[in-house]
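Colleague: Below is the structure I would like to discuss, written out as structure tokens.
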Amino acid sequence: MSTEELQMPPIEESPRRGRWWRGLTGSLAAGLAGLAVIVLGAALVCLLLGAPGPGAVMLIGHPVAAAIALVAQRFVDRREGPVAAVAAGVVVADLVAALVLFWWF
């Protein structure tokens, strides 16, 4: 029986490309989810105080936009190449659409 150590070539891990972009889109998706929670909380406070609050469109639209962004971000985080790039574009487009539809008009 031999106790000689085997020489193995070092395993080279390729650095993940697009870390900055993944971090940015992740922050945007998380921010949109946080905004949805804030809008729902504001609606609850307005309901308890009897004050006018955000309408039904905002109460439905913000969580839906946040869910779309979070699902797309999951693809950004777990895939590479064109799929990740398209999913990152979906996150950005979803954020822009939510801000334009619910806050600027």
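The values are calculated or read from the model by the stated rules, or taken from the named source; none is laboratory data. Everything quoted here is computed from the prediction, not taken from an experiment. Cβ sites come from the backbone with ideal geometry, for glycine too, and all protein chains shown count toward neighbours. Note: accessible area is taken over every heavy atom of the protein model, side chains too, but ligands, DNA and RNA are not part of it. Shrake-Rupley method; radii C 1.70, N 1.55, O 1.52, S 1.80 Å.
Colleague: Assigning unit charges at the beta carbon (Lys, Arg +1; Asp, Glu -1) and nothing else, what dipole magnitude in debye, to the nearest 20, does segment 1-87 show about its Cα centre?
Modeller: The calculated dipole for segment 1-87 is roughly 480 debye.
Colleague: Of the accessible area of the chain, with the probe set at 1.4 angstrom, what percent is carbon plus sulfur?
Modeller: Of all accessible area on the chain, carbon and sulfur atoms account for 70 percent.
Colleague: Could you tell me what fraction of 2.2 N^0.38 Å the Cα radius of gyration of segment 16-71 comes to, as a two-decimal ratio?
Modeller: For segment 16-71, the normalised Cα radius of gyration comes out at 1.42.
Colleague: If you don't mind, another one. For the chain, modelled as a GNM with alpha-carbon contacts under 10 angstrom, which of VAL37, VAL57, VAL86 fluctuates the most?
Modeller: VAL57
Colleague: While we're looking at this one, here's another question. Hey, what number do you get for the chain at 222 nm if only DSSP H runs of n ≥ 4 count, each worth -39500 (n - 2.57), divided across all residues, to the nearest 500?
Modeller: After summing the helix terms and dividing by the residues of the chain, the value is -24000 deg cm²/dmol.
Colleague: Ordered by packing density, taken as the mean number of other Cβ atoms within 10 Å over each peptide's residues, highest first, how do 39-52, 68-81 rank?
Modeller: Sorting 39-52, 68-81 by mean packing, highest first, produces 68-81, 39-52.
Colleague: Ok, one more. So what's the angle, to the nearest 10 degrees on a 0 to 90 scale, between helix 82-99 and the longest Cα principal axis of the chain?
Modeller: Between helix and principal axis, roughly 20 degrees.
Colleague: Per residue, what accessible area does the chain have, given a 1.4 Å probe and all protein chains present, in Å²?
Modeller: Per-residue accessible area for the chain comes out at 75 Å².
Colleague: For the chain, what is the relative contact order in percent, using Cα pairs closer than 8 Å and at least 6 residues apart in sequence?
Modeller: 28 percent
Colleague: Another question, if that's okay. Using θ = phi - 60° and the Karplus form 6.51 cos²θ - 1.76 cosθ + 1.60, what ³J(HN,Hα) does each residue of segment 50-56 get, whole Hz, x for Gly and Pro?
Modeller: x, 9, x, x, x, x, 5
Colleague: So if I restrict to the alpha-carbon atoms in the chain, what is the Rg, and what is Dmax, the biggest pairwise distance, in Å?
Modeller: So, for the chain, Rg and Dmax equal 21.7, 83 Å respectively.
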